[in-house]
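A.B. asks: Take a look at the following structure, please.
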Amino acid sequence: MRDSQERSGAPAVDRRADGDQRGGWRRDWRRDWRREWRGTVPMALMGVVSLGAVLIVVFAMLAFTSFRRSTESSEYVERLQYQQEASMHYEVTMARSSLYPGGVFLPRGPALDTAAFQGVGSTATVDSFSTRLASDLEIGIHYELVSAAFADPAVDPQALAGTVSATLEIQSGRDGWIQVRPLIGTQEFSGPTVDAIGTVNLRGIAALVERIEEETGIVPPQYLLRVVPTIELSGPIGVESIREVFSPVFTFAYNSTQVATDARLVRGESRIIGQDVTSQERISYAGFQGSVSEARQIATAGLALSIAAVAIAGAMLQLGIGSDEDSHIRQRYRSRLVAVATSGSAHPRDTIQLASIQDLARVADRSGGLILSERGHRGTRYFVPDGDEIYEYETVRGERPSSRAAVPEVQ
């Protein structure tokens, strides 16, 4: 083949030389890249440590905020509200007289804050009428259940059903004997309202009181006549079902001369049906919006990862991982290094090239402990003058520690 090339006049190509050149170029490129990478890694590790420290503070504050709050909140949600109201009206049949020419006594109107009798408790009384002239007391009870739910066309108030009844309690004073008599028999009704009427025989009560006083010899200052209606109601209101027993009390104060009526002729109470609804408590912090449970998980994981990243990056910096040999030397012998601008000398000295920085440090221990350093284009020269000799160790910028083994030589 060589003869044919010579005969054709074509230049001969040394393929081995060309391969060596390409291989050398690759080696130089990889070496330069490694040098640049080793110079960049420490800076990156410092950035990781700084960023990790900031994240530790952020996640610690998120953890502190989230673990101080409950993960759930409970709220009472109203599903149905209604009011029950019972009112009493009355009419007294009286003997015709100068006081009652019409033979009837009716309530005069609004309640007053005065009491005609003592011992009725907190019940204020208003109107009063003569006991001797009264014969019958007609009591009317009106009951109504009111709810905003009835405004819904799908809700049928007539689906409610119940019963109404009433009793009359006769009591001697506040702590004396009691007799209970039926006033209104049990009546069934449907819907949210009902009216019922009963009659009290006042002459019969007067005869009863007179007979007991004569038998016992005890004449209390007054008697209490309590009208106690009882309304039982049940049924659906929309999707809810109710079951109510409403039993208000209306009181008359009675003695031998007059009867004082109850000032409060209306009794009522409200009901609310609902339930406690539990929901996830939410939190907003540093751009995060979510549940407290999520915040706790993120804070815990973020704090653990941030601490781990700072610890690993710090350990890598401490061990010098990813840094070149000069960085290792500066880190280990920082307090013993003295930088010089030039190392020129008035008279020549023998230079002994050492194999490692550790060997140079041992020489420095023998001659004062300081190591001089001079930065050059390729690396740094570390040396220790000792009499007529100079012991030195040189590094190549970007090379890892112990990547080369220099053989001691005397120049």
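Quick note: the coordinates plus some simple rules give every number you see, no bench work behind them. As the structure is a computational prediction, the values presented were derived from the model and not from experiment. Cβ sites come from the backbone with ideal geometry, for glycine too, and all protein chains shown count toward neighbours.
A.B. asks: Whole-Hz Karplus ³J(HN,Hα) for region 290-304, in order, using 6.51 cos²θ - 1.76 cosθ + 1.60 and θ = phi - 60°, x for Gly and Pro?
C.D. replies: x, 6, 5, 4, 5, 4, 5, 5, 5, 5, 5, 5, x, 5, 5
A.B. asks: On to the next question. Taking 0.36 nm per intervening residue step and subtracting the Cα-Cα distance, what contour gain separates S279 from T193 on full extension?
C.D. replies: Stretched fully, the S279-T193 segment lengthens by 27.1 nm.
A.B. asks: Going by amide H atoms built from the backbone, whose H comes under 5 Å of the H on Y223, apart from near neighbours?
C.D. replies: G173, Y254, N255
A.B. asks: With only alpha-carbon pairs counted, each pair once and no self-pairs, how large is the Kirkwood hydrodynamic radius of region 173-283 in angstroms?
C.D. replies: About 18.2 Å for region 173-283.
A.B. asks: log10 I(q)/I(0), Debye, Cα-only region 257-371, no solvent, q = 0.22 Å⁻¹?
C.D. replies: Values returned for q = 0.22 Å⁻¹ are -1.28.
A.B. asks: Working from the pairwise distances between different alpha carbons, so that the mean of 1/r is found and then inverted, what is region 194-252's Kirkwood radius in Å?
C.D. replies: One over the average 1/r among Cα pairs gives 15.1 Å for region 194-252.
A.B. asks: Calculate the spin-label point distance for A341 paired with D359, positioning each point 7 Å from the Cα along the beta-carbon direction, and give it in nanometres.
C.D. replies: Placing both labels 7 Å along Cα→Cβ, they lie 3.2 nm apart.
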